[in-house]
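The values are calculated or read from the model by the stated rules, or taken from the named source; none is laboratory data. Quick caveat, the model's predicted, so the values are computed rather than measured. Glycine also receives a Cβ, built like all others from the backbone with ideal geometry; neighbour counts cover every protein chain displayed. When the accessible area is computed, the model is the full protein with side chains, heavy atoms only, and any ligands, DNA or RNA have been set aside. Shrake-Rupley method; radii C 1.70, N 1.55, O 1.52, S 1.80 Å.
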Amino acid sequence: MNAESTDTILAIDFGTSNSLVGALHRGQRIEALKLDPSASDPTLMRTLLYFPNADECYYGAEAIQKFIENDMEGRLFRSFKSHLPNASYLGTTIDQRILRIEDLIGIFLLELKKRSEKILGTKIDHAIIGRPARYSMDAVAEGFALHRMNKAAEFAGFKKIEFVPEPLAAALDYRRTLQREKVVLIGDFGGGTSDFTIMKMSPSPFKKEDVLGVDGCSLAGDALDSVFMSERLNRSFGAQTKYRMPMSNNLLTMPIGIMDRLNKPSLIVHLKERETYNFLQEVKKCALTNSDKLKLDRLFILMDDQQAFPFFEEIERTKRSLSDHKTAQFNFSYPDLETSEVFSSMEFEKWAEKIKSTISQAIDRCLEQAQMKESEINLVFLTGGTAHVPFIRHEFENRFGTEKLQGKSFFHSVLSGLIEAAQLKP
Ligand SMILES: Nc1ncnc2c1ncn2[C@@H]1O[C@H](COP(=O)(O)OP(=O)(O)OP(=O)(O)O)[C@@H](O)[C@H]1O
Ligand SMILES: [Mg+2]
């Protein structure tokens, strides 16, 4: 392997659901590397870590394969990027080994780095990494998230680390296709965050002042998956259980913190942790009705047999199907957890109302920063997997007009823009 490391910059789109890596290698653009040979699209590596035990780890598509092969023993982590701004999320332990969130992300980034170095045949210590427009609305949490992300990149062995907002990267990519001066709003809808940039685009060289606004929020594809659980499916796992603890008259309902572990894809890996597990056993003992006890039995099967991950895979498949059809069938056939439900795009949209309005507020803030009205935006470009969702698209059609809407490569724009950012460096 060539020891020269200064002439390659690795561009990393570390996503909540999918990660992509490209490079600027000796001045040449290298588009998405085929980092995950076992994936259906090898350039798209699912952001997954699977630990059968504390000393062994698998990544991407192989993480799922090994998880299934090992009868779903061990721990499978998904959506861990979402924990970055959460100060109370310290990480987890596997056997006796403590893994902080920056270690989990660092382990994943290190693997991306190693695979890229192998493909490119060179050592790399310089990285340009995408980051959401906002990890959090809270300034302290925002700084904290970036600090942890930087630590993760250091853990992976990068010496020179730069961050570029993901929606700005998507804008830089889109800019390459424009010939005339336009004011463009870019929306990047991923798994964890919805991100926006308003940018003046012209064929002349890029200037910082061209960026008129950057904003976003931490609700996107995972939050949409979550509503299937919180609005309907969690009922069959005892989410509405009423219980009374011994020697108490208080009628209690399931605490939100516990339900979050069932409802949120980023937290399901923690559902089985001892405290939660023991608490749920108490709830089952004290549940008022037999029917609730039976539902909690289903929850224990979901936890004991590690079925929460595949259950959410089926939710995600159903959600994607609703992007193309008015109704979609949800089918889960694991013994004693059999579920068959039909979901309609209308109820899905109604359940997602709050998410939609939070996203809408982020667009408002972005327009405010740019000091622009909707009518002053010439083009709207939407990217990211969640941009497929029809009601997200409609929101933009209603606000900006159908004729202004553009959309293309849903998964590669951020990465292409990060490589562009590497090229733009003086
Ligand atoms: N056809 C579809 N309809 C609806 N949602 C979809 C579709 N295809 C993919 N998605 C959703 O897109 C999300 C993944 O998109 P993407 O790869 O852009 O996210 P990411 O870059 O990993 O996340 P982030 O940028 O937020 O960190 C997932 O939530 C997935 O369910
Ligand atoms: Mg993304």
Across all directions of projection, what mean area in square nanometres is found for the Cα convex hull of the chain?
22.1 nm²
Modelled FRET efficiency - R0 56 Å, His147 with Asn290, Cβ distances, 0.05 increments:
0.65
Restricting to bridges with both residues inside region 113-203, how much of the DSSP beta-bridge set is antiparallel, in percent to the nearest 5?
55 percent
When only the heavy atoms of the protein chains count and the probe is 1.4 Å, how do Phe279, Phe228, Phe411 rank by accessible area, highest first?
Phe411, Phe279, Phe228
Carbon-plus-sulfur fraction of the accessible area of the chain, 1.4 Å probe, in percent?
51 percent
Note on the chain, DSSP bridge orientation, antiparallel percent to nearest 5 equals 70 percent
Roughly how many whole Å is it from the C-alpha centroid of region 12-69 to that of region 361-426?
26 Å
For Lys264, which lysines qualify as cross-link partners when the Cα separation must be under 16 Å and same-chain residues fewer than eight apart are set aside?
Lys81, Lys272, Lys319, Lys354
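Over the chain, what relative contact order in percent results from Cα pairs under 8 Å that are six or more residues apart?
This gives 18 percent for the chain.
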Between Ser202 and Arg97, the two model label points (7 Å from Cα along the beta-carbon direction) sit apart by a distance in nm of 5.4 nm
State log₁₀ I(q)/I(0) for region 9-154 at q = 0.10, 0.13, 0.20, 0.22 Å⁻¹ as given by the Debye formula over alpha-carbon point scatterers of equal weight, solvent excluded.
-0.35, -0.60, -1.28, -1.42
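For a Förster distance of 41 Å, can you work out the FRET efficiency between the beta-carbons of Met346 and Glu56, rounded to the nearest 0.05?
Approximately 0.35, to the nearest 0.05.
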Modelled FRET efficiency - R0 35 Å, His325 with Gln369, Cβ distances, 0.05 increments
0.40
How many angstrom lie between the C-alpha centres of region 208-278 and region 109-173?
28 Å
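Could you order peptides 256-269, 380-393 by the average number of other Cβ atoms within 10 Å of their residues, highest first?
My ranking of the peptides, most packed first, is 380-393, 256-269.
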Taking the Cα centre of the chain as origin, sum charge times position over the Cβ atoms of Lys and Arg (+1) and Asp and Glu (-1), and report the length of that vector in debye to the nearest 20.
480 debye
Write down the accessible area per residue of the chain in Å², having rolled a 1.4 Å probe over the full set of protein chains.
44 Å²
Value of [θ]222 nm, deg cm²/dmol, for the chain, DSSP H segments ≥ 4, -39500 (n - 2.57) each, nearest 500
-12500 deg cm²/dmol
Rough spin-label spacing in nm, given labels placed 7 Å along Cα→Cβ, for Glu275 and Ser360
3.7 nm
Distance between modelled label sites at Leu251 and Arg235, nm, 7 Å Cα→Cβ extension:
1.9 nm
With 24 Å as the limit, write out which pairs from Lys160/Lys425; Lys293/Lys326; Lys34/Lys326; Lys293/Lys356 have Cα-Cα distances beyond it, or answer none.
Lys293/Lys326; Lys34/Lys326; Lys293/Lys356
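Please sort by residue number the trypsin sites (Lys or Arg not before Pro) in region 287-343 whose DSSP state is loop and whose Cβ has at most 14 other Cβ atoms within 10 Å.
Lys326
Where both residues lie in region 1-142, what percent of DSSP beta bridges are antiparallel, nearest 5?
Details: 23 of 27 bridges.
Here the antiparallel bridges make up roughly 85 percent for region 1-142.
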